[in-house]
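Contents: one structure, followed by commentary.
The values are calculated or read from the model by the stated rules, or taken from the named source; none is laboratory data. This structure is a prediction, so every number in the text was calculated from the model and none was measured. Backbone-built Cβ (ideal geometry, glycine too); neighbour counts: all protein chains shown.
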Number of protein chains: 2
Amino acid sequence: MAERIYSYQHLLHFTQNVFKQIGCSEEHAATAAKVLLSADLRGVDSHGVARLTGYVRLWEAKRVNAKPDIRIVHETPSTAVVDGDSGLGLVVAPYAMQVAIDKAKNVGTGWVSVEGSNHFGIAGYHGMMALEHDMIGIAMTNASPLVAPTFSSEKLLGTNPICVAIPAGKEFPFVADLATTTAANGKLEILQRKNLDTPLGWVQDANGQPTTNAHALKSGGALLPLGGDREHGSHKGYALGAMVDIFCGVLSGANYGPWVPPFPAYVPMPQSMPGKGIGHFFGAMRVDAFRPASEFKENMDNWLHRFRSAKPIEGEEKVLVPGDPEREMEQSRMEHGIPLLEPVAEDLQQLAAKLGISFELQ
Amino acid sequence: MAERIYSYQHLLHFTQNVFKQIGCSEEHAATAAKVLLSADLRGVDSHGVARLTGYVRLWEAKRVNAKPDIRIVHETPSTAVVDGDSGLGLVVAPYAMQVAIDKAKNVGTGWVSVEGSNHFGIAGYHGMMALEHDMIGIAMTNASPLVAPTFSSEKLLGTNPICVAIPAGKEFPFVADLATTTAANGKLEILQRKNLDTPLGWVQDANGQPTTNAHALKSGGALLPLGGDREHGSHKGYALGAMVDIFCGVLSGANYGPWVPPFPAYVPMPQSMPGKGIGHFFGAMRVDAFRPASEFKENMDNWLHRFRSAKPIEGEEKVLVPGDPEREMEQSRMEHGIPLLEPVAEDLQQLAAKLGISFELQ
């Protein structure tokens, strides 16, 4: 499919303008744009500007509040619950992660559960906020139900990602950012567009049987938890996705399980929702709350070097550490620009026209 | 293979006597026996009394200190590092988890990384200690390298389990306890004993190629991270196992990666070990540090009920919540006794003879 290349600055500026047009403050628009674009930079194309129109539609449907009063509603020295007041998750999440970081400064660690939020972009952005403070960062979110627990024919969980970002000394840091499913929904969408089959273990059909049909979700099928089937440990992926759901939804007072609101504004909201909006969970741990930061970093560098220099299997170039491909992509796209599929670029142009701002097709 | 049935009390009493015979205090022996037997009760037969002789051999090889001075070596209001002084992990881990619980009482959460320990039995026991305090419990440990990262032909990680235990109201609690590999080593050992093949995705051979040979580990092969291969998300299982290794080893000052000491006493210790013993990591979060416990439990009951009553796929009886099979097993074995394979029972009898105590074959 044809692509067009845009500079990071061009897309950042445009995205910021879009958020200002729907009523976000200058500061919120800047934050939201930076968070959204971090997905494009890191190569997670499904979670970046391709979703910008989707965010605007949520605002049009009055499911997103452009002027939220984001605030702490409960706290202890090491914990807080933040109410996002239906704001953009792109803005609510960095606020909440900052609360976690501030608490970690005071008592060693900080843990924040969030209610009343919306989609927050990539978990990686928020977890990585901890790195510059010599802290380990953790970020999770629940999401609308696309995933069937092991043995279930019903979809009860989202793709519920987990980010763990760990600082280092001279080596590049460790940044894991993973959906708790075999394959993220974005990868499935690529196969759908190309009309290709999935590998076995990614999806099941409406009866819960294994299938390779990439379109199975549209006819009652479901994504599968990491592991794919019971024999390959899907009960573990299910347990991890469930943990994310409970930390984000049940601990905060947000919705959880089958009641998490959908991203597409045309999908009706679930009935009898038990909580407020979507939930997130953030953690920050000062490494020097455990041992001197210099010692930690020296050992972390040793860990990273050992793994990065491991002997690869034949046919593979090298062993990667989580976050390596995304960091390399970010360097490349910052320098050479971000490619957008033509339909995405056209979608942004239409959005610009609707909002009365400009988006030049390059 | 023939089995013999023993009562829980019989095995508990015997195990306690074994630990006393090698020099543990009355209190440590009682704790160690209770932790070890919790594996047999919950059906994790690979981690229970079948390993008792292995623990004694570690003591004989002077790798386990029967009279450890377990202590906090660094702390903040929400964190601590505990030095296990080469004690049994079965004793060090409950000590460290109690520190996490005490810190959570004070500041909402507690997080403890442990150095200088040994194998701690099942992670589930330690995580579940939090439940009676209306806390969420987290327990992890690193272990000697049996697992190859994605694209690696070298074994650099252990099976590195994660336990997350979450309290509820009227419903049974959520207790996930999972190795970050496709299959736990115990399951592989069962296939080895029966000379059966593994499914694809469990192990690779010495060249890093997929194999179904259950004996592949003995000839340079490796267990695979949850996911099995790149296409099925093994980089996610690798990332989770790596996170466990870093939280347990690098954060505490224990060994990590390929340097984690082995469980079998006949296996030589790694060269140039960067830390002390094996590492663990524990967390405790008071649910009322986030929202009133009664509200949390009401919503958690709703979550658990919804998942337990989900529509199962054809041919499956019901959808399970993590911990359900183990809890049912515990109830059954407490009532009807614990079956031991004949070689395990005979091994315990020989151990008894060597230590000058009795173990009646039933």
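How about segment B:331-354: which of its residues are more than 16 Å from B:Val56 (Cα to Cα), surrounded by 13 or more Cβ atoms within 10 Å (Cβ to Cβ) and either out of contact with any Ser or Thr (no Cβ under 8 Å at 6 or more places or on another chain) or modelled with pLDDT under 95 (or both)? The answer is B:Ser332, B:Arg333, B:Met334, B:Pro339, B:Leu340, B:Leu341.
Among the residues of segment B:158-195, those that are modelled with pLDDT under 95 and either hydrophobic (A, V, I, L, M, F, W, C) or surrounded by 24 or more Cβ atoms within 10 Å (Cβ to Cβ) (or both) comprise B:Ala183, B:Ala184, B:Leu188, B:Ile190, B:Leu191.
Matching residues to (1) closer than 16 Å to A:Pro145 by Cα; (2) among the small types (Gly, Ala, Ser); (3) out of contact with any helix residue (DSSP H, G or I) (no Cβ under 7 Å at 6 or more places or on another chain); (4) more than 10 Å from every other protein chain (Cβ to nearest Cβ):
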| position | (1), (2), (3), (4) |
| --- | --- |
| A:Asp229 | no, no, yes, no |
| A:Ser234 | no, yes, yes, no |
| A:Cys248 | yes, no, yes, yes |
| A:Pro262 | yes, no, yes, yes |
| A:Gly275 | yes, yes, no, no |
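Going through (1) buried (at least 21 other Cβ atoms within 10 Å of the Cβ); (2) free of Cβ contacts under 8 Å to residues at least 40 places away in the same chain; (3) touching a Ser or Thr at 6+ places or on another chain (Cβ under 7 Å) one by one, A:Asp205 falls short only on (1). Which one is farthest from the other protein chains (Cβ to nearest Cβ) among residues in segment A:152-174 that are under 13 Å from the mean Cα position of the chain (by Cα) and not in a loop (DSSP other than H, G, I, E, B)? Among them, the one singled out is A:Cys163. Evaluation of A:Ile357 against the conditions (1) more than 28 Å from B:Ala254 (Cβ to Cβ); (2) surrounded by 15 or more Cβ atoms within 10 Å (Cβ to Cβ); (3) in contact with a helix residue (DSSP H, G or I) (Cβ under 8 Å, 6 or more places away or on another chain) shows that the sole unmet condition is (2). Being over 19 Å from A:Arg327 (Cβ atoms) and touching a residue at least 60 places away in the same chain (Cβ under 8 Å) is a description that applies to A:Pro145. Among the residues of segment B:236-245, those that are of a type outside the set (A, V, I, L, M, F, W, C) and facing chain A (nearest Cβ under 10 Å) comprise B:Lys236, B:Gly237, B:Tyr238, B:Asp245. Just one of the listed residues (A:Thr198, A:Thr212) is more than 10 Å from chain B (Cβ to nearest Cβ), surrounded by fewer than 24 Cβ atoms within 10 Å (Cβ to Cβ), free of Cβ contacts under 8 Å to residues at least 24 places away in the same chain and within 28 Å of B:Glu314 (Cβ to Cβ), and it is A:Thr212. Of the listed requirements (1) within 18 Å of A:Ala32 (Cα to Cα); (2) under 21 Å from the mean Cα position of the chain (by Cα), A:Glu60 misses just one: (2).
Across segment A:217-227, what is the number of residues that are more than 9 Å from chain B (Cβ to nearest Cβ) and touching a Phe, Trp or Tyr at 6+ places or on another chain (Cβ under 9 Å)? Lay out the reasoning, then the answer.
Taking segment A:217-227 as the starting set, the residues that turn out to be more than 9 Å from chain B (Cβ to nearest Cβ) are A:217-225.
Subset that is touching a Phe, Trp or Tyr at 6+ places or on another chain (Cβ under 9 Å): A:223-225.
Summing the residues that are more than 9 Å from chain B (Cβ to nearest Cβ) and touching a Phe, Trp or Tyr at 6+ places or on another chain (Cβ under 9 Å) in segment A:217-227 gives 3.
A count restricted to segment A:75-94 and to residues that are of a type in the set (Gly, Ala, Ser) and under 17 Å from A:Gly124 (Cβ atoms) stands at 2. Condition test on B:Asn299, is it surrounded by 22 or more Cβ atoms within 10 Å (Cβ to Cβ), at negative phi and free of Cβ contacts under 8 Å to residues at least 24 places away in the same chain? Against the criterion (surrounded by 22 or more Cβ atoms within 10 Å (Cβ to Cβ), at negative phi and free of Cβ contacts under 8 Å to residues at least 24 places away in the same chain), B:Asn299 qualifies. Quick check on my filter: what residues within segment B:284-322 are in contact with a strand residue (DSSP E or B) (Cβ under 8 Å, 6 or more places away or on another chain), facing chain A (nearest Cβ under 9 Å) and either at pLDDT below 95 or not in a helix (DSSP H, G or I) (or both)? Listed by number, the residues that qualify are B:Met285, B:Arg286, B:Phe290, B:Arg291, B:Ala310, B:Lys311, B:Pro312, B:Ile313, B:Lys318, B:Val319, B:Val321, B:Pro322. Contact annotation: residue pairs with Cβ atoms under 9 Å, 6 or more positions apart or on different chains, pairing a residue in segment A:317-337 that is of a type in the set (Asp, Glu) with a partner that is assigned to a helix (DSSP H, G or I), are A:Asp324/A:Arg308; A:Glu326/A:Leu41; A:Glu326/A:Gly124; A:Glu330/A:Ser38; A:Glu330/A:Leu41. For segment B:248-281, enumerate the residues that are under 22 Å from A:Ser309 (Cβ atoms), in contact with a strand residue (DSSP E or B) (Cβ under 8 Å, 6 or more places away or on another chain) and among the hydroxyl-bearing types (Ser, Thr, Tyr). Passing the criteria: only B:Tyr256. Here A:Glu335 fits the description: more than 30 Å from B:Ala206 (Cβ to Cβ) and more than 10 Å from chain B (Cβ to nearest Cβ).
Listed conditions (1) in contact (Cβ under 8 Å) with a residue 60 or more places away in the chain; (2) touching a Gly at 6+ places or on another chain (Cβ under 6 Å) are all met by A:Gly283, apart from (2).
Taking segment A:304-316 as the range and being touching a residue at least 12 places away in the same chain (Cβ under 8 Å) and touching a Phe, Trp or Tyr at 6+ places or on another chain (Cβ under 7 Å) as the test, only A:Leu304 passes.
Select from segment A:1-20 the residues that are hydrophobic (A, V, I, L, M, F, W, C) and either under 12 Å from A:Leu37 (Cα atoms) or part of a helix (DSSP H, G or I) (or both) and list them in ascending order. Reasoning before the result, please.
First, pick out the residues of segment A:1-20 that are hydrophobic (A, V, I, L, M, F, W, C): A:1-2, A:5, A:11-12, A:14, A:18-19.
Once the filter is applied, which keeps residues that are hydrophobic (A, V, I, L, M, F, W, C) and either under 12 Å from A:Leu37 (Cα atoms) or part of a helix (DSSP H, G or I) (or both), segment A:1-20 yields A:Leu11, A:Leu12, A:Phe14, A:Val18, A:Phe19.
The residues listed here are A:Ser332, A:Ser309; of these, the one that is closer than 25 Å to A:Ala179 by Cβ and hydroxyl-bearing (Ser, Thr, Tyr) is A:Ser332.
Yes/no matrix, rows are residues, columns are (1) assigned to a helix (DSSP H, G or I); (2) farther than 17 Å from A:Ser152 by Cβ:
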position	(1), (2)
A:Leu191	yes, yes
A:Thr198	no, yes
A:Gly201	no, no
A:Gly208	no, no
A:His235	yes, no
A:Gly249	yes, yes
A:Ala254	no, yes
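Selection of segment B:24-69 for residues being buried (at least 23 other Cβ atoms within 10 Å of the Cβ), aliphatic (A, V, I, L, M) and part of a loop (DSSP other than H, G, I, E, B) yields only B:Val64. B:Ala30 falls short of the stated requirement of being touching a residue at least 12 places away in the same chain (Cβ under 8 Å) and in contact with a Ser or Thr (Cβ under 9 Å, 6 or more places away or on another chain). Which of the residues spanning segment A:175-187 are in contact with a His (Cβ under 9 Å, 6 or more places away or on another chain) and either of a type in the set (Asp, Glu) or more than 11 Å from chain B (Cβ to nearest Cβ) (or both)? Of everything in segment A:175-187, just one residue is in contact with a His (Cβ under 9 Å, 6 or more places away or on another chain) and either of a type in the set (Asp, Glu) or more than 11 Å from chain B (Cβ to nearest Cβ) (or both), namely A:Gly186.
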